[in-house]
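> Supplied in structure tokens, the structure appears directly below.
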Amino acid sequence: MFEYLNGKIEYKKENYFVVDVGGVGYRVFSSQFGLENIRVGQVEMVYIYNVIREDTFDLYGFLSLEERHMFEMLISISGVGPKAALSVLSILEPSRLALAIVTNDGSAIAKASGIGAKTAARICLELSNKISKESLDIGGSVVGRPMAAPTSDAEMALLALGFGGNDVRNVLKSVEGSSTDEIIKKALLMLGRL
């Protein structure tokens, strides 16, 4: 299987681009985010996910490992295929999708074409534990006092958004709230001032 392709972007269309690697053009489906950021005529490295079925061999390409990883998690959900996963990643970048999942914001996910409210709720339910665990793995272990569930979920969401672990923990020490959403909103205001 392909891990990545490194070649010149020949052209792009509505939902894919073509990358030339050693004289062979590969059609690579991508999210709108990927299509907007890929540069025609430039050499780009694109992380690949292969979908092989009886009647098809499709390549899905991502500009970051985080986006590919989110794609892989999305297609692990029953009823979410590659096209639906790209649709979600077209409206929510990986960090925003992680936040929507951790805060159980199915309405943000349901805005994607082909994703209904029930599927969005299932995505939040089935991926919330995976996102939480991975956010902790990325951000390092929780240092200091044990946190209540909403604060712990808020910390994981903020880490998934890319804020530094020390900044997040310091801000959360002074933020109080009864729900994860409330804590995140207050913490984002404080982190914006840092």
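> Once you charge only the Cβ atoms, +1 for Lys and Arg and -1 for Asp and Glu, what is the size of the charge dipole of the range 4-62 about its Cα centre, to the nearest 20 debye?
Numbers: 6 positive and 8 negative charges, 31 e Å.
That gives a dipole near 140 debye.
> Using only the alpha-carbon atoms of the chain as identical scatterers, what base-10 log of I(q)/I(0) does the Debye formula give at q = 0.14, 0.17, 0.18 Å⁻¹?
These q points yield log10 I(q)/I(0) values of -0.83, -1.06, -1.14.
> Moving on. Report, for the chain, the % of DSSP beta bridges that are antiparallel, rounded to 5.
Details: 22 of 24 bridges.
DSSP beta bridges in the chain are roughly 90 percent antiparallel.
> Just to check I understand the Karplus step: with θ = phi - 60° and J = 6.51 cos²θ - 1.76 cosθ + 1.60, what whole-Hz values come out for the range 91-101, glycine and proline as x?
Values, residue by residue: 9, 10, 5, x, 5, 5, 5, 4, 5, 4, 5 Hz.
> Based on the Kirkwood radius over alpha-carbon pairs, what value in µm²/s does the Stokes-Einstein equation return for the translational diffusion coefficient of the range 54-99 at 10 °C and 1.306 mPa s?
Numbers: Rh = 11.0 Å.
Once the numbers are plugged in, D ends up at 144 µm²/s.
> Let me ask you something else. Which semi-axis lengths, in whole Å and largest first, follow from the square roots of five times the eigenvalues of the Cα gyration tensor of the range 54-130? Intermediate values should be presented prior to the final figure.
Values: eigenvalues 73, 40, 25 Å².
Rounded to whole Å, the semi-axes are 19, 14, 11.
> How high is the FRET efficiency between Lys83 and Lys111 when r is their beta carbon distance and R₀ equals 25 Å, given to the nearest 0.05?
On the way: r = 16 Å, r/R0 = 0.63.
Here the calculated transfer efficiency is 0.95.
> So, one more: Project the alpha carbons of the range 4-62 onto their principal axes and report the range along each, largest first, in whole Å.
33, 26, 17
> Hey, can you rank 3-12, 121-130 by average C-beta count inside 10 Å, highest first? Mind showing how you got there, number by number?
Numbers: 3-12: 14.6, 121-130: 17.1.
The densest-packed peptide leads the list: 121-130, 3-12.
> OK, next. Hey, can you grab everything whose amide H is under 5 Å from the amide H of Val21? Only 5+ residues off in sequence or another chain; H modelled, so Pro and N-termini drop out.
Tyr26
> Once you keep just the Cα pairs under 8 angstrom separated by 6 or more residues, what percentage relative contact order results for the chain? It would help to have the intermediate numbers written out before the result.
On the way: 290 pairs, mean separation 25.5, N = 194.
That works out to 13 percent.
> Then there is this: Could you please report the charge total around Ile183, scoring K, R as +1 and D, E as -1 over all other residues with beta-carbon less than 11 angstrom from its beta-carbon? Let's see the in-between values first.
Working: positive: Lys185, Lys186; negative: Asp153, Glu155, Glu176, Asp181, Glu182.
Taking every other residue near Ile183 into account, the sum is -3.
Values in this text are rule-based calculations from the coordinates and carry no lab data. This is a predicted model, so every value here is computed, not measured. When we count neighbours, we look across all protein chains shown, and the Cβ atoms used for this are built from the backbone with ideal geometry, even at glycine.
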